[in-house]
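One structure is given here, and the rest of the page talks about it.
The numbers here are math on the coordinates, done by the rules we state, and not lab data. None of these values were measured; they are calculated from a predicted model. No Cβ is skipped: glycine too gets one built from the backbone with ideal geometry, and neighbour counts run over all protein chains shown.
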Amino acid sequence: MVTPARCPAILIAAPASGQGKTTVTAALARLHARQGRRVRVFKCGPDFLDPHWHQLASGAPVHQLDLWMTGEADCAQRLHEAAQSSDLILIEGVMGLFDGTPSAADLAQHFGVPVLAVVDASAMAGTFGALAFGLRHYRPGLPWAGVLANRVGSARHADMLRDGLQDADDWRGALMRVQTANAAPTSSKASAALLPERHLGLVAAHELNDSLERLDAAADALAATPLGQMTLDDLQRWAVDFPAPALATAVEPLLAGRTVAVGRDAAFCFVYAANLLCLEQMGARIAFFSPLNDAALPGCDAVWLPGGYPELHTAQIAANTGMQASLQGHVAAGKPLWAECGGMMALYESITLADGSTAPLWGLLPGRVTLQKRLAALGPQQLTVAGHTLRGHTFHYSTSDSSAPVVARTSRPNEAVAPDVGEALYQQGSIHASYFHAWFPSSPEAVAHLLGGANA
C-alpha cells in the first residue's frame with residue numbers, strides 16, 4: 001500500500017477576481033525558490049496565462065486542478081506526485097473563493113488544503129476584518145491559513161487593517177503597493193501594473209523582457225511580511241497528507257507513429273502542459289512550429305493550432321503567405337487540422353477588430369470573425385466527438401459568422417446539447433475548428449478522432 005505524501009500546501013484565494021492572487025502566488029513561489037526550496041504551483045480552474053508567471057517563479061511545470069474539468073483522480077495524482085518531491089505546494093484559486101461549481105473552496109475542502117485569503121485593502125480599513133471573518137466562517141470546516149492584505153498604502157494603514165481582525169492569529173501581513181522601474185503605478189492598484197493585463201487576462205511572462213525583475217520586486221515586498229518570513233519549519237503547520245490515487249488507466253497509443261505539429265508563438269500560446277503530455281502518452285511525436293514566423297509546416301501527419309491572440313498579430317498572419325500555403329496544402333492532402341479558438345480565428349477570411357478596422361486572415365475557413373469589447377462566452381463546456389466526450393472551457397471576446405458545416409455543439413456540464421446553443425464544432429474538409437478549448441486527458445479517443453489517429 002502506498003503511503004500518503006505529506007507536504008506544506010496553501011491555496012491562495014480572494015473574495016473576487018482582481019485582488020492580486022496571481023501576484024501573491026507568484027511572489028511566494030519566487031521567494032521560496034530563490035532560497036533553494038522546491039516549489040510546485042498549480043492553478044485552480046482553466047487558465048493559460050497565470051501559469052506562465054508561476055512557472056517562471058517556481059522553475060517547475062504548472063498544471064491545472066479542477067474537480068470537474070480535470071477530475072478528482074487527476075487532481076489527486078498530480079498533488080500526490082508533487083508532494084513527494086516538493087518543499088511547498090501553492091495553488092492559485094479562481095475568481096472568488098466560493099465562485100463557480102466547483103469552486104476553489106470545493107478543491108481546498110476536498111483535499112484539506114488551508115486557504116490563504118488575499119484581499120485588496122487599498123480602499124478599506126475596518127471592513128477588511130469583516131471580509132476576513134466572512135471568508136473564514138462562511139463554510140464550516142474550511143481549512144484556513146489566514147489573510148494577507150494587498151495594495152496597502154502605509155504602515156499606519158496596515159495597523160488599521162490588522163486591528164480590525166476578529167482573530168489576531170489570522171494576520172499574515174500587508175503587501176505594500178509594488179512597482180518596478182518599468183511598471184510605475186498609475187492608480188491605487190499598482191500590483192495590476194506590476195503584472196499587466198489585457199482583454200483575456202494577464203500578459204504572459206514570456207512577452208515581457210523584465211518579467212523576472214517584476215517577480216523579484218513582488219517577492220522582495222512579500223519578504224517583509226510575516227507570511228514571507230516563514231521558515232520551512234513554520235510552514236509545517238500547513239502540511240497536508242495527499243493520499244496516493246487509484247492506479248490510473250493506461251493511455252492507449254492511438255497516435256503511435258504520428259507526428260503532430262503544434263503551433264507555439266506569441267499569437268498561439270494557449271496550451272495546457274497536460275495536453276502535450278497526453279499527446280506523448282498517446283504515442284505522438286510533437287513538432288513545434290511558429291505560425292507567425294515559419295514559412296511552412298514541419299513534416300507532420302496532423303496539426304494542432306491552439307488559441308492565443310491572433311487579433312494582436314493580424315498583419316504578420318496575413319503577411320505569412322508561406323504558412324498560409326503550407327496549411328492549405330496540408331488540408332488539401334486530407335490531413336487533419338484541429339483549431340481551437342484563436343487558432344480557428346486565424347483560419348477565417350477576415351477579422352473586424354474592436355476599432356472597426358478589418359484585416360485579412362488565412363482564409364481556410366469561409367466567413368469572418370468580429371472582435372468585440374464585451375466578453376462573448378465564458379465557462380466550462382463539454383463536447384462529444386465520435387461518441388467520446390471531451391471536457392474543457394470557452395473564453396473569448398469575438399464572434400464568428402461562417403457557412404462551414406456545424407457537426408456538433410458544446411454544452412455546459414451535466415446539461416444536454418441544445419440547438420444553436422453552445423460553441424459550434426465546424427468541419428470543413430479535414431479541418432475541425434471551434435471556440436472550445438479541450439482538456440485532452442479527458443478523452444484521448446476524441447483527440448485521436450480530431451487528429452486522425454487509430455480508430456478515428
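Quick one: helix 321-332 against the long Cα principal axis of the chain, what's the angle to the nearest 10°, folded into 0 to 90?
70
Note down the magnitude of the dipole of segment 5-242 about its Cα centre, charges +1 on Lys and Arg C-beta and -1 on Asp and Glu C-beta and zero elsewhere, to the nearest 20 debye.
Once rounded to the nearest 20, the dipole reads 300 debye.
Would you order Asp265, Asp163 from fewest to most other beta-carbon atoms within 10 Å of each residue's own beta-carbon? Intermediate values should be presented prior to the final figure.
On the way: Asp265 16, Asp163 13.
Least crowded to most crowded, the residues run Asp163, Asp265.
Using the Kirkwood radius over Cα pairs, work out the Stokes-Einstein diffusion coefficient for segment 372-456 at 25 °C and 0.890 mPa s, in µm²/s as a whole number. Don't skip to the answer; put the middle values down first.
Values: Rh = 13.3 Å.
Roughly 184 µm²/s, to the nearest whole number.
Where does each of Leu383, Leu11 land when they are ranked from fewest to most other beta-carbon atoms within 10 angstrom?
The most exposed by this proxy come first: Leu383, Leu11.
How big is segment 108-184 along each principal axis, measuring the range of its Cα positions in Å and listing the largest first?
Sorted largest first, the three principal extents are 42, 27, 17 Å.
Quick query: amide H of Val94 versus all other amide H atoms, modeled in the peptide plane; which residues come in under 5 Å with a sequence gap of 5 or more or a different chain?
For Val94, whose amide H was placed from the backbone, the distant partners under 5 Å are Ala104.
Per residue, what volume in Å³ does the Cα convex hull of segment 32-149 take up? Please report the intermediate quantities before stating the final value.
On the way: hull volume 13.8 nm³, N = 118.
Dividing the Cα hull volume of segment 32-149 by its residue count gives 117 Å³.
To one decimal place, what orientation-averaged projected area in nm² is obtained for the convex hull of the Cα set of segment 5-242? Present the calculation step by step, with values, prior to reporting the outcome.
Details: hull surface 46.5 nm².
Averaged projected area of segment 5-242's Cα convex hull equals 11.6 nm².
Rounded to the nearest 500, what is the chain's calculated 222 nm mean residue ellipticity when only DSSP H runs of at least 4 contribute -39500 (n - 2.57) each, over all residues?
My calculation for the chain gives -8000 deg cm²/dmol from helical runs alone.
To the nearest 10 degrees, how steeply does helix 127-137 sit against the main Cα axis of the chain, on a 0 to 90 scale?
70
Taking the Cα atoms of segment 243-339, what is the range of coordinates along each of the three principal axes, in descending order and whole Å?
So the three principal-axis extents are 51, 30, 15 Å.
Where q = 0.07, 0.09, 0.11, 0.14 Å⁻¹, what log10 of I(q)/I(0) comes from the Debye formula for the chain, counting one point per Cα?
-0.37, -0.61, -0.90, -1.33
Can you give the relative contact order of segment 5-242 as a percent, counting alpha carbon pairs under 8 Å and 6+ residues apart?
The value is 27 percent.
Give me the distance between the Cα centres of segment 247-282 and segment 377-426, rounded to whole Å.
What the calculation gives is 21 Å, centre to centre.
Mind computing the radius of gyration and Dmax over the alpha-carbon atoms of segment 259-450? Å is fine for both.
Values for segment 259-450 (Cα only, Rg and Dmax): 15.4, 45 Å.
Using unit Cβ charges (K, R positive; D, E negative) and no other charged atoms, how large, in debye to the nearest 20, is the dipole of the chain about its Cα centre?
Dipole about the Cα centre, nearest 20: 280 debye.
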